[in-house]
Amino acid sequence: MIDTRIWIGVQSLLDNYIQVKQEDIVVLAYAPDSSESAAWVTAALQMREVDVRCLSMVPLRDPGFDQRFRSVLPGVAELARRLIVLTLERDTMSHDRAIRAALNDYDQNKCAVFRAISAGEGLFAHALRISPGELTGRNTALLERFMVAKSLRIETAGGTRLRVGIDSSQYRWISNRGIWRPGHFVILPAGEVATYPASIEGVFVADFAFNVNAITERDARLSDHPITVHIERGRAVRYDCEDKETMGFLTESFDKYCAYNVGELGFGTNMGVTVADALNSHVNERRPGIHLGFGQHNQGAGFSYECNIHLDLIAKDGIVWVDDATTPINLEDISPSCGAHPTNSRDEDVFSPELDDIEIDDCCGVLTSDGLRPFTVGAWAE
């Protein structure tokens, strides 16, 4: 029997995120590590008598994927309502270019793509239980305050004390809320706002979990051995942890070009994420608290540096004072806004690698230098 919490998450995915109707056609592509998740979703769609067409895919490099994917797509004239493409993967986000190319001939208003990373129990039992509407209200509430701010003061119960400079005229905000827009891919799990800090100084304590763009079996939870990072001029200058193995992991992670840079200031908004997942998972980032991403930035191509690692360290809570305000924002108790969500923020916070490119922009699975094998923690390539 499927866990009730998971089944509720599956139904929320179909009803609240995809908003599937019986006359839709769903193409579900999944990696082997997400076959169980694919089975849950397939069963739910079949119970609704929705036309669902499944295909497996090899992560990152799959020479036959393009042909197999095109073979299950309906003809443009077949569509009575919408074509929905759903992909499920645990550690990676693959074949973005092939998917976009295959869908070029379809009306963008009748073709919706939902791409899920960290597929599994945590995604369905926790993150997907919260609707896009709820996430939009919370994201909007933060963006209304943060996008006009000049400075933030941030504290956590675990000992974080940070002073952050904000420059929204120079650095764009990301707002991941699970809302589909024509021509855009929805990235799941949702529930985060983030930017690049113009300046950041102080001490950050990660006592919830980590999430790194590498394939690792390391337990991501940090409650029993928090990580303390000292930050000066936007860079980690010292880090400490009582656990020796975690210290080794941090040393390997930070021992890269620009890996000490704070490339992301993030705020989770998904109230469904109450416990840390042991898996290296984007679900953990959605926890209502602060997280810092070290290494690769979140500002897209053409920024001042590139780094082949992005290590998110996540605190389990956060209190934020905006500019000179005396009343702070409690990230665990955000009052949703009824205002319109800003239109000048990006949706995506995960990008799919293109293996035949010289430069690989990848926030979901670092690769070896030959671009063929998933990159594992403990064997960092230069």
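The values are calculated or read from the model by the stated rules, or taken from the named source; none is laboratory data. Predicted model, so just to flag it, every value in this text is computed and none were measured. Ideal geometry is used to build each Cβ from the backbone, glycine not excepted, and the neighbour counts take in all protein chains shown.
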Worksheet item: Just wondering, is there one or more residues in the stretch 121-133 that are of a type in the set (Asp, Glu), modelled with pLDDT of 95 or more and closer than 30 Å to residue 26 by Cβ?
Response: yes
Practice prompt. For residue 202, state whether it is over 19 Å from residue 226 (Cβ atoms) and at pLDDT 95 or above.
Written response: no
Item to complete: Output the residues belonging to the stretch 31-71 that are surrounded by fewer than 18 Cβ atoms within 10 Å (Cβ to Cβ), within 21 Å of the chain's Cα centre (by Cα) and under 18 Å from residue 122 (Cα atoms).
Response: 32, 33, 35, 36
Fill in: Residues of the stretch 168-218 satisfying the condition of being among the charged types (D, E, K, R), assigned to a strand (DSSP E or B) and surrounded by 22 or more Cβ atoms within 10 Å (Cβ to Cβ)
192
Worksheet, complete the sentence: Sole miss for residue 88 among (1) at pLDDT 95 or above; (2) in contact with an Asp or Glu (Cβ under 7 Å, 6 or more places away or on another chain) is condition (2)
Worksheet, complete the sentence: The condition of being of a type in the set (Asp, Glu) and out of contact with any Phe, Trp or Tyr (no Cβ under 9 Å at 6 or more places or on another chain) holds, among 242, 252, only for 242
Discussion item. Here is a check on your reading of the model: is residue 246 among the β-branched types (Val, Ile, Thr), more than 30 Å from residue 125 (Cβ to Cβ) and free of Cβ contacts under 8 Å to residues at least 40 places away in the same chain?
Written reply: no
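Residue by residue, here is whether (1) at pLDDT 95 or above; (2) in a strand (DSSP E or B); (3) of a type in the set (S, T, N, Q) holds:
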position: 77; (1), (2), (3): no, no, no
position: 81; (1), (2), (3): no, no, no
position: 84; (1), (2), (3): yes, yes, no
position: 98; (1), (2), (3): yes, no, no
Discussion item. Could you check the stretch 109-145 and list, in sequence order, the residues that are within 23 Å of residue 200 (Cα to Cα), surrounded by fewer than 21 Cβ atoms within 10 Å (Cβ to Cβ) and of a type outside the set (A, V, I, L, M)?
Written reply: 144, 145
Discussion item. Condition check: in contact with a Leu (Cβ under 7 Å, 6 or more places away or on another chain) and crowded, with 16+ Cβ neighbours inside 10 Å. Does residue 87 satisfy that?
Written reply: no
Worksheet item: Conditions: (1) out of contact with any helix residue (DSSP H, G or I) (no Cβ under 6 Å at 6 or more places or on another chain); (2) assigned to a strand (DSSP E or B); (3) buried (at least 16 other Cβ atoms within 10 Å of the Cβ). Residue 239 meets all but one. Number of the miss?
Response: (1)
Item to complete: For the stretch 40-53, indicate whether the set of residues that are of a type in the set (Ser, Thr, Tyr) and in contact (Cβ under 8 Å) with a residue 24 or more places away in the chain is non-empty.
Response: no
Discussion item. Could you go through the stretch 127-139 and let me know if any residue there is in a strand (DSSP E or B), at negative phi and within 16 Å of the chain's Cα centre (by Cα).
Written reply: no
Response to the item:
Taking the stretch 158-167 and keeping residues farther than 14 Å from residue 200 by Cβ and surrounded by 14 or more Cβ atoms within 10 Å (Cβ to Cβ) leaves 158
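To keep it simple, each residue is scored yes or no on (1) under 21 Å from residue 118 (Cβ atoms); (2) in a helix (DSSP H, G or I); (3) polar (S, T, N, Q).
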| position | (1), (2), (3) |
| --- | --- |
| 1 | no, no, no |
| 14 | yes, yes, no |
| 22 | no, no, yes |
| 33 | yes, yes, no |
| 44 | yes, yes, no |
